Amino acid sequence: MCTRKVSYAFNGDVGNFHYGPGHPMKPHRLSVIHHLVMNYGLHKKMQIYRPYQATAQDMCRFHDADYIDFLQKTLPGTVSLQDHKNFNLGDDCPIFDGLFQFCSMYTGASLEGAQKLNHNQSDICINWSGGLHHAKKYEPSGFCYVNDIVISILELLKYHPRVLYIDIDVHHGDGVQEAFYLTDRVMTVSFHKYGDKFFPGTGSMYEIGAESGRYYSVNVPFKEGIDDQSYFQVFKPVIQSVMDYYRPTVIVLQCGADSLAGDRLGCFSLSTRGHGDCVKFVKELNVPTLILGGGGYTLRNVARCWTYETSLCVDEQISNDIPMNLYIEFFKPDFVLHPDIPSRIENANSKQYLEAITKHTYDILKMCQHSPSVQMFDIPADALPDEKDRNIDEPDADVRMSQSDIDNLIDKNNEFYDDDNDNDKNENDL
Ligand SMILES: [Zn+2]
């Protein structure tokens, strides 16, 4: 098997934001994952980059300017009743300290990943801080404020005639589906829990797209408690058929880890291996892929899952014993990567039900025209400014090389770094 060139975005500050006490979304999980990735030595197998930070202008490629202006200017505690009304704000999406900066970091990382794929600088780009699939054009939703996925797909469409979006979060990928509901340039395929008013309430198998996009939205609605075998038995043939019919030139995979057993908000029974099987299957399709995070609310399991999936991307077998690291206590009592997570939820998906939803998907795919082609005219300019024009962090007097120096070094040499400079970067990032 030929090893693919993998890039991995990480900004050491992205794990320091807080949605507020008791909120299930914890950006801190990103720091824990990064520690595990480093302690397993996976950084030696990929190019780690400190990503670009998206501007308001980048966000307005999809979002409404008034909404982005609100995100940029509003401070915690200053939200008016009118703001609540205008932007449909609720407790799920609080205004917290540094909110715009947080959005800017995770969105910029996805956007830079898309640009790397556009220019064949990488085969796989990973951004665990991205994948916020619920955000809408005019409002936040389900812990998501800026839809980095839609913005990245818009960037990919500058170079790619057909983009496939796959979503394995336990929740329906509604924001992405809605954005591309009327076009055949993007096929969205979401596997999720549907029914019993489960958030966000959309994603029935009858939502299939409209106008030019008719038959290009695919929804696979599962019931609660789905296990590895049942999930993969649907995932594999559905994605294989999508590949045969649609022939995407690039894939965006949202790897929401709230579909794991024992998630604080989810209700599926997937193991980290079962979840990883989907990532592995997509990777082996050998199409350039942007890999993003998403939901995931039992922190230790999210960290296990995305670390394991990083190892799959770089073809590295890693030990089940979690290496000593700053957060080792999180992995009590077994300290392993693949613990047995008992599921208390019975699998409500019968064999007949799974067969019926798979067949329904085939029927939709048969209706869509084989791989629609598109005339590519002048390619619009890239979203990211040239590196020399970017606002890059000030050099830090405490490190021998500044972050931008290290990034430039990596970009210029186009090689993995595996020497003393590595340590500077790691310590600086963590
Ligand atoms: Zn979710």
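All of the numbers you see were taken from the coordinates with simple rules; none came from a lab. All values reported here derive from a predicted model rather than from experimental measurement. We place every Cβ from the backbone using ideal geometry, glycine too, and count neighbours over all the protein chains shown.
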Neighbours of Leu36 by Cβ distance under 11 Å: Lys/Arg at +1, Asp/Glu at -1, summed charge +3
Note on the chain: C-alpha Rg/Rh, Kirkwood Rh, two decimals, gives 0.94
In order over the stretch 122-136: 3J(HN,Hα) from phi, Karplus 6.51/-1.76/1.60, θ = phi - 60°, whole Hz, x for each Gly or Pro, gives 8, 9, 9, 10, 10, 9, 5, 7, x, x, 8, 7, 8, 4, 10
In the stretch 301-354, the trypsin sites (Lys or Arg not before Pro) that sit in a DSSP loop and have at most 15 other Cβ atoms within 10 Å of their own Cβ are Arg344
By Cβ neighbour count within 10 Å, fewest first, Phe198, Phe222, Phe180, Phe96 rank Phe96, Phe198, Phe180, Phe222
Exposure proxy check on His133, His360: fewest-to-most Cβ neighbours within 10 Å is His360, His133
The ³J(HN,Hα) series, computed from each phi in the stretch 66-74 with the Karplus coefficients 6.51, -1.76 and 1.60 at θ = phi - 60°, rounded to the nearest Hz and given as x for glycine or proline, is 5, 5, 5, 4, 4, 4, 6, 9, 6
Relative contact order of the chain (C-alpha contacts under 8 Å, at least 6 apart) in percent is 19
Quick note on Val287, Val189, ordering by fewest other C-beta atoms within 10 Å, gives Val287, Val189
In the neighbourhood of Lys136 defined by beta carbon distances under 11 Å, the net charge of the other residues (Lys, Arg +1; Asp, Glu -1) is -3
For Lys5, the lysines lying under 22 Å Cα to Cα, once residues fewer than eight places off in the same chain are dropped, come out as Lys44, Lys45, Lys116, Lys158, Lys280, Lys283, Lys412, Lys425
Taking every DSSP bridge whose two residues both lie in the chain, the antiparallel percent to the nearest 5 is 5
Among Lys137, Lys26, Lys197, the residue with the largest mean-square fluctuation in a Gaussian network model of the chain built from Cα contacts under 10 Å is Lys197
Going residue by residue through the stretch 23-33, the Karplus relation 6.51 cos²θ - 1.76 cosθ + 1.60 with θ = phi - 60° gives ³J(HN,Hα) values, rounded to whole Hz and with x marking Gly or Pro, of 6, x, 7, 10, x, 4, 3, 5, 5, 5, 4
Residues meeting the amide H criterion for Leu89 (H placed from the backbone, H to H distance under 5 Å, 5 or more places apart or on another chain) are none
Largest fluctuation, Thr272, Thr78, Thr249 only, Gaussian network model of the chain with Cα springs under 10 angstrom, belongs to Thr78
Under 5 Å from the placed amide H of Gln47, counting only residues 5+ away or on other chains, we find Val6, Ser7, Tyr8
